[in-house]
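Student: Submitted below is the structure of interest, expressed as structure tokens.
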Amino acid sequence: MPGRVGDSIAAQVRRRPRAAALVAPDGTLDYAELDRRSADLAGHLTRQGVRAGDVVLIQASRGVALGVAVLAVLRSGGAFCVVDPQYPADRVQHMWRRSHARFALVEPGLRTPDEPDGPVVIPLREYPTSGAAHGAPAPHVPAPGSEDPAYLVFTSGSTGGPKAVSMPHRCVDNLIEWTLASTSPEPLRTLMFAPLGFDVFVQEVLTAWCSGGCLYTPSDAERVDLQRMWELCREWGIQRIFLPPVALRRLAELTAEFGILPGALREVAVAGEALHITPAVRDLFTRLPAARLHNHYGPAETHVAVAHTLTGPPHSWPDLPPIGRPLPGMTAHVDPPAQGGELWLAGAGLAHGYVHDPKQTRERFRSRRIEGRPVRAYRTGDLVRERPDGVLEYLGRTDGQLKIRGYRVEPGDIETILLRHPAVRECAVTAWTPPGADERKLVAHVVAGPGQAPEAGELRAHVARLLPDYMVPHHVVLAPELPLSPNGKIDRRRLPEPGEADDGAGPLPEPGDVRSAVTVIWSTVLGVADIPPDRHFADLGGTSLSAALVVTRIQQRFQVRVSVQEFLYDPRVDAITALITERAAA
């Protein structure tokens, strides 16, 4: 099995062949079976022509075949790129086209884009070695070099279209070795929670298998039902979990509201956006004294590059923890360094760049003089400040700062204060220019905690007690949830303007107007003002996670049970309206 990560997994196969490696909705694999099946598939791939550096798409749902395919592609010398079959058709087609893959492993029954010059499609099934043509063994696969690509991930597309990022083996080796050293090298039960195809998915899978642990994956329906997923963490005795901060906050609220406590948790790592420590998060870790919270920072172009582990009792944790220090093999440079500046990253975790996009690569990956020598570095677009002890604090985006009445305002500072209010569960602060006006206004989008209904004036007064007047939001928009991007970050581009959101913040329509009520729910969750009744949920920016939020709101509003799977079967306002009406009349 090639590469340092491959060597680590091979060692676990020899050490613990009968230990569980993967528990999925469609079955369980021990390490011996994972080794056999991935070796057979790798042999088939090499006989089909996969060579070192070839990109192989894997289009499969969460399950045994997906796990086998990831390891098989690595064993064949190729670079894997996972495509979530639940993505909208346009994004799937974009990934097929922009990855420049030579081959695609596709789970039977899934539709694939019609690309005339697209990859060779290989059905994802078992390929026993004994079934090889003429009994020929699989060709020898030389160990990959540190610069050979190991996997591709696509950026979330928050700035421009999603870009394919090529990550070499040195990145993977450095990341996994550090993750096990900084959290725990023991064979922990690890949850597969990250969106398929994002970098944290790679970290979950390889961290579990390189340590001899077991990877537990919920079904797609269970994953988007956060309450059920949190219950599964308790039932399975999950010990290690990787989450976006917004998910951690919501899970902490579930513990506070329903008493769900996965007591086996030991290592919790968050990444993707700024970590805010809320009262519910403090309470969760107070009740989990053996669990540690790690704040991971890094764009897709480096994966984790800087990290910090919170120490001391949770009540002493800062509201906005630092992002920490660079990983071994990584260097962080702040420009300008005095009061905070843009962060540049260099070292072993740096990606090759964007696949077949030299212009974008040159713009973001540049030569910089760091610590007295020229190095290739990535320009993050994030503002940080370096403390005297060398620890980095996240300040926000270079393109996210706002100018209000001539003052430079960082939205995260206001969000931190709002989250101190006991009635606020989540929030996001943006700027809005009213039609026909010149002056920008601050808008706070707020999700209240369970059973809470804070008034806008109360929240504005709370901020005014702690921040200068120019940082007090002019508008407070109450919403049931904040719109999320596919990777679990708050999607600020889809936050509605104050006028668009007022209906969603107020009382819902009379019970008889079901369609109107459903439309309002979609509008508030998606951040879209006009919802055509026959438009598909995904076409409006909906994801599986936001579908779960809509379903929860529907159940609260109409007192009828609609599962996420039922919702996704025909996700149009008209269809959901008919389903609710039928259930209510039963």
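Student: Of the residues that sit in the range 2-32 and are open to solvent by 60 Å² or more (accessible area, probe 1.4 Å) and either more than 16 Å from Cys210 (Cα to Cα) or modelled with pLDDT under 95 (or both), which one is nearest to the chain's Cα centre (by Cα)? Steps first, please.
Tutor: Step one: of the range 2-32, the residues open to solvent by 60 Å² or more (accessible area, probe 1.4 Å) are 4, 7, 14-16, 18, 25-26, 28.
Add one more test, that the residue is either more than 16 Å from Cys210 (Cα to Cα) or modelled with pLDDT under 95 (or both), and what stays is 4, 7, 25-26, 28.
Details: Arg4: 26, Asp7: 28, Pro25: 21, Asp26: 24, Thr28: 25 Å.
Looking at the filtered set, the residue picked out is Pro25.
Student: Here's another thing I want to ask about it. Kindly evaluate Asp319 against the criterion of being modelled with pLDDT under 95 and over 27 Å from Ala291 (Cα atoms). Steps first, answer last, please.
Tutor: Details: modelled with pLDDT under 95: yes; over 27 Å from Ala291 (Cα atoms): no.
Against the criterion (modelled with pLDDT under 95 and over 27 Å from Ala291 (Cα atoms)), Asp319 does not qualify.
Student: Here's a follow-up. Please count how many residues of the range 1-33 are in contact (Cβ under 8 Å) with a residue 60 or more places away in the chain and either β-branched (Val, Ile, Thr) or more than 13 Å from Gly77 (Cβ to Cβ) (or both).
Tutor: Quick first cut of the range 1-33, residues in contact (Cβ under 8 Å) with a residue 60 or more places away in the chain only: 1-6, 8-9, 12, 15-16, 19-25, 31.
Subsequent filtering for residues that are either β-branched (Val, Ile, Thr) or more than 13 Å from Gly77 (Cβ to Cβ) (or both) retains 4-5, 8-9, 12, 15-16, 19-25, 31.
Count: 15.
Student: Right, next: Go through the range 238-265 and count every residue that is closer than 16 Å to Ile490 by Cα and basic (Lys, Arg).
Tutor: The qualifying residues number 2.
Student: Being of a type in the set (A, V, I, L, M) and either touching an Asp or Glu at 6+ places or on another chain (Cβ under 8 Å) or touching a residue at least 40 places away in the same chain (Cβ under 8 Å) (or both) is the requirement here; does Ala65 meet it? I'd like the intermediate steps shown before the answer.
Tutor: Details: of a type in the set (A, V, I, L, M): yes; either touching an Asp or Glu at 6+ places or on another chain (Cβ under 8 Å) or touching a residue at least 40 places away in the same chain (Cβ under 8 Å) (or both): yes.
Criteria met by Ala65.
Student: Continuing with this model, one more query. How many of the residues in the range 88-129 are closer than 20 Å to Val355 by Cβ, part of a loop (DSSP other than H, G, I, E, B) and touching a residue at least 40 places away in the same chain (Cβ under 8 Å)?
Tutor: Qualifying residue count for the region: 6.
Student: Those residues that are touching a strand residue (DSSP E or B) at 6+ places or on another chain (Cβ under 8 Å), polar (S, T, N, Q) and either open to solvent by 30 Å² or more (accessible area, probe 1.4 Å) or modelled with pLDDT of 90 or more (or both), I need them from the range 143-158; list them, please.
Tutor: Answer for the range 143-158, where residues must be touching a strand residue (DSSP E or B) at 6+ places or on another chain (Cβ under 8 Å), polar (S, T, N, Q) and either open to solvent by 30 Å² or more (accessible area, probe 1.4 Å) or modelled with pLDDT of 90 or more (or both): just Ser146.
Student: Sort out which residues of the range 561-581 are over 21 Å from Arg228 (Cα atoms) and touching a residue at least 24 places away in the same chain (Cβ under 8 Å), and write them in order of number.
Tutor: So in the range 561-581, the residues over 21 Å from Arg228 (Cα atoms) come out as 570-581.
Answer for the range 561-581, where residues must be over 21 Å from Arg228 (Cα atoms) and touching a residue at least 24 places away in the same chain (Cβ under 8 Å): Pro571, Arg572, Val573, Asp574, Ile576, Thr577, Ile580, Thr581.
Student: I'm trying to understand the selection: among the residues of the range 563-586, which are within 12 Å of Ala221 (Cα to Cα) and part of a loop (DSSP other than H, G, I, E, B)?
Tutor: Correct list: Ser563 only.
Student: Filter the range 387-434 for residues that are in contact (Cβ under 8 Å) with a residue 60 or more places away in the chain and farther than 25 Å from Ala456 by Cβ and give the result.
Tutor: Listed by number, the residues that qualify are Arg387, Gly390, Val391, Leu392, Glu393, Tyr394, Asp399.
Student: Next question. Confirm whether Ser76 is farther than 22 Å from Val200 by Cβ and of a type in the set (S, T, N, Q).
Tutor: Details: farther than 22 Å from Val200 by Cβ: yes; of a type in the set (S, T, N, Q): yes.
For Ser76, the condition - farther than 22 Å from Val200 by Cβ and of a type in the set (S, T, N, Q) - is met.
Student: Consider the range 254-299. How many of its residues are open to solvent by 30 Å² or more (accessible area, probe 1.4 Å), of a type in the set (D, E, K, R) and closer than 28 Å to Leu395 by Cβ?
Tutor: So the count comes out to 4.
Student: Please work out if Arg553 is assigned to a helix (DSSP H, G or I), of a type in the set (D, E, K, R), crowded, with 18+ Cβ neighbours inside 10 Å and touching a Pro at 6+ places or on another chain (Cβ under 6 Å).
Tutor: On the way: assigned to a helix (DSSP H, G or I): yes; of a type in the set (D, E, K, R): yes; crowded, with 18+ Cβ neighbours inside 10 Å: yes; touching a Pro at 6+ places or on another chain (Cβ under 6 Å): yes.
Here the answer is yes, as Arg553 does meet what is asked.
The values are calculated or read from the model by the stated rules, or taken from the named source; none is laboratory data. Here the structure is a predicted model, which means the values were calculated and not measured. Positions of Cβ are generated from backbone atoms using ideal geometry, with glycine treated the same way; all protein chains shown enter the neighbour counts. The protein model used for the area step is the full one, side chains on, heavy atoms only, and it has no ligands, DNA or RNA in it. Shrake-Rupley method; radii C 1.70, N 1.55, O 1.52, S 1.80 Å.
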